Structures are given as C-alpha cells and as structure tokens.
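Peer 1: Below are the structure tokens for one structure; questions will follow.
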Amino acid sequence: MSERVIPLIDQRLVSVAARIPPELTTPTGLLGDALGRPLRDLRISVTDRCNFRCSYCMPKDIFDKDYPYLPHSSLLTFEEITRVARQFVAHGVQKIRLTGGEPLLRKNLEILIEQLAALRTVEGQPLDITLTTNGSLLQRKAQALKAAGLQRVTVSLDGLDDATFRAMNDVDFPVADVLEGIAAAQAAGLGPIKVNMVVKRGTNDQEILPMARHFKGTGIVLRFIEYMDVGATNGWRMDEVLPSAEVVQRIHAELPLVQLDASAPGETAERWGYADGSGEIGVISSVTQAFCSDCNRARLSTEGQLYLCLFASQGHDLRHLIRSNATDAQLASAIAAIWQGRSDRYSELRASLPPDAGAGTRRVEMSYIGG
Ligand code: SAM
C-alpha cells in the first residue's frame, strides 16, 4: 500500500533569480555545464493546461477546477519566448521541442512556430523544431502547423484498446480520434512521427504488443517510456514501472529485434530495429537505465523559469530578467552562468537509492515544465 502524497507547497514558486554575471559572456555555441555536457536541446512549455487527466501526469483529484493554473499575464509571450530561444540557440541549441501541458491548447501557436522557424543555429542551419502532443487537436491543426514551419510531431498514445485508453486519459477521449490526428500529421508531412507510450505495469502493459504490431511497417517510430517519478502528485511506485528490458523481451519474442546505434549524442531513446527491416522502436528508460551522462536538455517553463533537469525542484527565473529590461547580451550571459553551474544527474543518483526513495519528493510537475 502506498499513500498518495499531496504537495503542501507550490513547487512552481521555488526559484532562484537568474543573475547577470559581472563579466558578460559572448556566446560561442560551445557552452558546457559543470560535467562537460553541451546545451543542444531546449524544451519549451507553452501552457500548463491540458485537456487530458492522465493519472501519471495530471491526476484528476489534484488538477481539478480549483487548481491554480497560471494566469495569462504570467505566461511568456511569443515574442519573449523567441527572444529567450534566440539566446539558447547562440549557446548551441539545435533542437526546440514545444510541449506543455497540451501545447495545441495555446492559442495561435502557429505564430510562435513561425518565429522560431526563422532562427538559425550557430552553423547557420534551420533548427529542428518539433512538438509533443496528446494528438486530440492534431487533425484540426496539422496542416497549419506544417505551414508555419513545424517539422515533425511526437504523439503520446498509451494503448490501442479504447477502454484502456479512455481510462488512462481519464476524460473518456477515444483512441480513434488520436489515430486520426496521427494520420493527419502524416498526410501533412509532419514526419518522421514518433508515438510515445508510457507503460504502467498492470494498467496498460497488455497494450505493448498490439501497439508494436499496429505501428510496425508504418514508418512511425513507437517509443516505450518507463513510468517516471516526475512531479509529486502521481503516487508513483516502483512496482508499477515495467523495465524497458522487459518491453524489448516481450516484443522480441514475437517480432525479432536487433539493437541499433544511437542516432545522436544525448538521444533519450535506445533504438531497436525489427530484424525483418520493417522499422524500429525505441525505449526510454529513465528509471532503470539513467542517461544523465550525456543529457543536453534545458527546459523553459510556461512562465519563463529555466529548469536544468526533468526532476528538478527549483527553477531559475528568466522572466524577471526579460521583463526588467536586460539586454540580449545580459540575458545570454545569465543563461551561460546557469548552465555552467549545472551538475544535475537525478536519475543516476536515484539508481543508487532504495526503490521507492524518491516517491513523493517535492518536484515540479511535468505539466508545468514540459515533457
Ligand atoms: N500533452 C502533451 C502530450 O501528451 O504529449 C505534452 C506534454 S506531456 C507532459 C509529455 C510526455 O510526457 C507525454 O508523452 C507523457 O505521456 C509523458 N509523461 C507524463 N508523465 C509521465 C510519467 N510520470 N512518466 C513517464 N512519462 C510521462
């Protein structure tokens, strides 16, 4: 038996002011953190709201009508987001992922995508711009997103069985509508598409094989995510984690797999190809096989807090700098100083603790900093 831990303080309020260092740093695209890890990937949460209530992420009993979502005035504007993103790109970011909450709930998101698509990497290349979505609004928006400059999407889908899926999203949303969203994204050319399935033992692990069979040979890469102890409200327990090794075993027993090389340094997923050449799957094993050593991701919350780890309990307030007339050079230097001080490696440290030691620890919610 585990007890649901309800946070007594609002973790969003725990932040340190981003400071302008006395000597400004000129961005070179080669910024490294305290462990020598570069900054390549920026995840931007554009809203803390979602129309799903997945129990592992935004459980209904906490995220109810009384939950204090951020007021509109707290949100970074598109101009503010683009300005911050530009500084990150100058420090070496090559990929931007829009997330949330449900990013497609943010009004006129296409305008932000257009602005981000105009940025260029230090090498003068376009950024890799992608978005993670629950797919519910994708059918309506896929064309416009593509036209704005979005390159690809990752769609979250936790099973094909309608009853299982409706129970997991906890708002009775049908699986068929997400599948139509995926089809619309494919038709719009938002590829290669990835589908993320969070696996919870005893809840949807019976969906692993049906999902593998369904997406095999479609060009869509299905990725299985270990249920993680993010946030402080999902009542996470180690016995509900199905290790990725077991996912691979179960699929391999029916559909033989061969391990593939990582596609890029810092890639979160371990890749496995179908032995018959009909595509690949990925497994993301943050719990059983930490990948902190090459983590090159920064996260910008909806209201401009910079988080250095998905499991962080404190952010660095960039919005204050942005709204207090800091120059671009000052903003870039503040970001550099924060990244240079980064030594976070939560998942590696968790691995050395007893199984449930981290459960209920005060951590910021994933819906706030983005997945
Ligand atoms: N609403 C969008 C979506 O559904 O993809 C984006 C935000 S969501 C927080 C991003 C990803 O995080 C989703 O794939 C979701 O399944 C995953 N996620 C949320 N909570 C998780 C948890 N406790 N463990 C593993 N993955 C989780």
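The values are calculated or read from the model by the stated rules, or taken from the named source; none is laboratory data. Here the structure is a predicted model, which means the values were calculated and not measured. Counting neighbours? That spans all protein chains shown, and the Cβs are built from the backbone with ideal geometry, glycine included. Just so you know, the surface numbers come from the protein's heavy atoms only, side chains and all, with ligands and any DNA or RNA stripped out. Shrake-Rupley method; radii C 1.70, N 1.55, O 1.52, S 1.80 Å.
Peer 1: Report, in debye and to the nearest 20, how large the dipole of the range 145-250 comes out about its Cα centre when Lys and Arg carry +1 and Asp and Glu carry -1 on their Cβ.
Peer 2: Dipole of the range 145-250, to the nearest 20 debye: 520 debye.
Peer 1: Here's a follow-up. Counting only pairs 8 or more residues apart or on different chains, how many lysine pairs in the chain have their Cα atoms under 26 Å apart?
Peer 2: For the chain, the number of qualifying lysine pairs is 16.
Peer 1: Using +1 at the C-beta of Lys and Arg and -1 at the C-beta of Asp and Glu, which of Ser347, Leu222, Ala336 has the Cα lying farthest in the positive direction of the dipole of the chain?
Peer 2: Comparing the listed Cα positions along the dipole, Ala336 ranks first.
Peer 1: From Cα coordinates alone, what are the radius of gyration and Dmax values for the range 205-317 in angstrom?
Peer 2: According to the Cα coordinates of the range 205-317, Rg and Dmax are 16.1, 50 Å.
Peer 1: Give me the Kirkwood hydrodynamic radius of the range 84-217, using the inverse of the mean 1/r over all pairs of distinct Cα atoms, in Å to one decimal.
Peer 2: 15.8 Å
Peer 1: Related question: Whole angstrom only: what separates the Cα centroid of the range 145-160 from the Cα centroid of the range 274-333?
Peer 2: One Cα centre to the other: 19 Å.
Peer 1: Please list, in order along the range 216-230, the HN-Hα scalar couplings obtained from phi with the Karplus expression 6.51 cos²θ - 1.76 cosθ + 1.60 (θ = phi - 60°), rounded to whole Hz, x for Gly and Pro.
Peer 2: Here the 3J(HN,Hα) series is 4, x, 9, x, 8, 9, 8, 10, 9, 9, 5, 4, 10, 8, 7 Hz.
Peer 1: Mind pulling the angle between the C-alpha long axis of helix 328-340 and the longest principal axis of the chain? Nearest 10 degrees, somewhere in 0 to 90.
Peer 2: The answer is roughly 50 degrees.
Peer 1: Between Pro210, Ser74, Gly315, whose Cα lies farthest towards the positive end of the dipole of the chain when Lys and Arg beta carbons carry +1 and Asp and Glu beta carbons carry -1, centred on the Cα centre?
Peer 2: Selected residue: Ser74.
Peer 1: A further question on this structure: Report, in whole Å, the centroid distance computed from the Cα atoms of the range 256-270 and the range 64-98.
Peer 2: If you average the Cα positions of each part, the centres end up 29 Å apart.
Peer 1: Quick one: accessible surface of Cys50, probe radius 1.4 Å, all protein chains present, in square angstrom to the nearest 10.
Peer 2: 30 Å²
Peer 1: If you don't mind, another one. Would you mind classifying the range 20-132 by shape? Square roots of the alpha carbon gyration tensor eigenvalues, ordered a ≥ b ≥ c; an a/c under 1.5 is rounded, otherwise it is prolate if a/b is larger than b/c and oblate if not.
Peer 2: Working: a/c = 2.10, a/b = 1.80, b/c = 1.17.
Prolate, since a/c reaches 1.5 and a/b exceeds b/c.
Peer 1: Say we join alpha carbon atoms closer than 10 Å with springs in a Gaussian network model of the chain; which of Asp64, Asp33, Asp41 then has the biggest fluctuation?
Peer 2: Answer for the Gaussian network model of the chain: Asp64.
Peer 1: Work out, step by step, the length gained on full extension between Asp162 and Arg140: first 0.36 nm times the residue separation, then minus their alpha carbon distance; give nm to one decimal. Intermediate results must be reported in sequence, preceding the final value.
Peer 2: On the way: separation 22, 0.36 × 22 = 7.92 nm, distance 2.11 nm.
Length gained between Asp162 and Arg140: 5.8 nm.
Peer 1: Leaving ligands and nucleic acids out of the surface, order Arg97, Arg53, Arg86, Arg237 by accessible area at 1.4 Å, largest first.
Peer 2: Working: Arg97 10, Arg53 35, Arg86 110, Arg237 75 Å².
Per-residue accessible area, sorted high to low, gives Arg86, Arg237, Arg53, Arg97.
Peer 1: Additional query: Got a number for carbon plus sulfur as a percent of the range 212-357's accessible area, 1.4 Å probe?
Peer 2: On the way: 2910 of 5750 Å².
C and S atoms contribute 51 percent here.
Peer 1: Over the Cα atoms of the range 136-182, what Rg and Dmax result, in angstrom?
Peer 2: Calculated on Cα positions, Rg and Dmax stand at 12.0, 35 Å.
Peer 1: Compute a Gaussian network model of the chain, connecting alpha carbons closer than 10 Å, and tell me which residue from Val46, Val171, Val93 fluctuates the most.
Peer 2: Judging by the Gaussian network model, the answer is Val171.
Peer 1: Counting only the heavy atoms of the protein chains, how much of Lys146 is accessible to a 1.4 Å probe, in Å² to the nearest 10?
Peer 2: Looks like 80 Å² after rounding.
Peer 1: Please get the size of the charge dipole for the chain, origin at its Cα centre, with Cβ charges of +1 on Lys and Arg and -1 on Asp and Glu, quoted in debye to the nearest 20. Show your work: numbers first, answer last.
Peer 2: Values: 40 positive and 44 negative charges, 161 e Å.
Its charge dipole is roughly 780 debye.
Peer 1: Amide H to amide H under 5 Å from Leu257: which residues, 5+ apart in sequence or cross-chain, H placed 1.01 Å off N in plane?
Peer 2: Hits under the 5 Å cutoff: Ala275.
Peer 1: Output ³J(HN,Hα) for the range 180-189: one whole-Hz value per residue in order, computed from phi by the Karplus curve 6.51 cos²θ - 1.76 cosθ + 1.60 with θ = phi - 60°, and x for Gly and Pro.
Peer 2: 5, x, 5, 4, 5, 5, 5, 5, 7, x
Peer 1: Also, quick follow-up: So if I place +1 on the C-beta of Lys and Arg and -1 on the C-beta of Asp and Glu, and nothing else carries charge, what would the dipole magnitude of the range 228-371 be about its Cα centre? I want it in debye, nearest 20.
Peer 2: 600 debye
Peer 1: With every protein chain present, what is the per residue accessible area of the range 8-103 (1.4 Å probe, Å²)?
Peer 2: 45 Å²
Peer 1: Just to confirm, what accessible area per residue do you get for the range 233-371 at 1.4 Å probe, in whole Å²? List each step's numbers first, then the result.
Peer 2: On the way: 5530 Å² over 139 residues.
In whole numbers, the range 233-371 has 40 Å² accessible per residue.
Peer 1: Another question, if that's okay. Work out, in µm²/s and without decimals, the Stokes-Einstein translational diffusion coefficient of the chain at 20 °C, 1.002 mPa s, Rh from Kirkwood over C-alpha pairs.
Peer 2: The estimated diffusion coefficient comes to 102 µm²/s.
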